[in-house]
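Have a look at the structure below before the remarks.
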Amino acid sequence: MTQELMTLIRRRIAKPKMIHDMARSMSPAPQVNPPTTPEQIAATEANLGFSLPPLYRQLLTGIGNGGFGPGYGLLGAQGGHADFDGRSLTEVYRQTHDMATRRDDAPLLPEKMLPICNWGCGIYSCLDCRETDAPVYFYNPDLHVLADDRLASTVTDAKGVVVWTYQPEPIAPVESEIEPQAVCLILHRRSLAEWLTAWASKARLWDEMENLLTAF
């Protein structure tokens, strides 16, 4: 299955305007980064504090260090494809998990929920790196009422059933009686392999995400 998926991805990204979902409107056309090295992977995992899913590692070492795939392209390991404003994979993770480095009032994500590609306007596809198959969720901060350090993150499947909830420890005593607001991450595909296979087969992932939102 993995080799078939790698072949599908290589076939799609062989066309410059198909490298990622936004490539058609970009000039010059984006390029896939050179493959990453084991040392770059190790440095990235050390900074994250956990291992990347095996398939994600294989993509970065076997195809390229990000810049291809859904949205504006997969974020790479150290030295690879960066997010807007030149943010690396580890910097994006830190800014979505650390009160001290988050952007504006953006809500925090659960631990090991790793943003891997940006669709614009702060919308990310994220991997649940606690799971071997790395289910893919999507997240739009504008859909939720933003709260403070008491923010709870609720992971919800496509039917609206809560899968699990993460409540970070407050960094200071809270006197307000206002309840923390939930950040809903919506299950998009049940594994990274399924998500990428759909993309490589030209499925319209953005349309799928919009359709799932109708349930909320």
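Side notes on the structure shown:
- FRET efficiency estimate (nearest 0.05) - Cβ-Cβ, LEU213 to GLN58, R0 35 angstrom: 0.70
- Placing pseudo-labels 7 Å out from each Cα toward the beta carbon at GLU111 and LYS17 gives an inter-label distance of 4.7 nm.
- Cβ crowding within 10 Å ranks LEU74, LEU55 as LEU55, LEU74, fewest other Cβ atoms first.
- A simple spin-label model places the labels of LEU8 and GLU91 3.3 nm from each other, with each point 7 Å out along Cα-to-Cβ.
- ARG190 paired with ASP133, simple spin-label distance in nm, labels 7 Å along Cα-to-beta-carbon: 0.5 nm
Each reported figure results from applying straightforward, stated rules to the coordinates on display, with no laboratory input. Keep in mind that what you see is a predicted model, and the values were worked out from it rather than measured. Cβ: placed from backbone, ideal geometry, glycine included. Neighbour counts: every protein chain shown.
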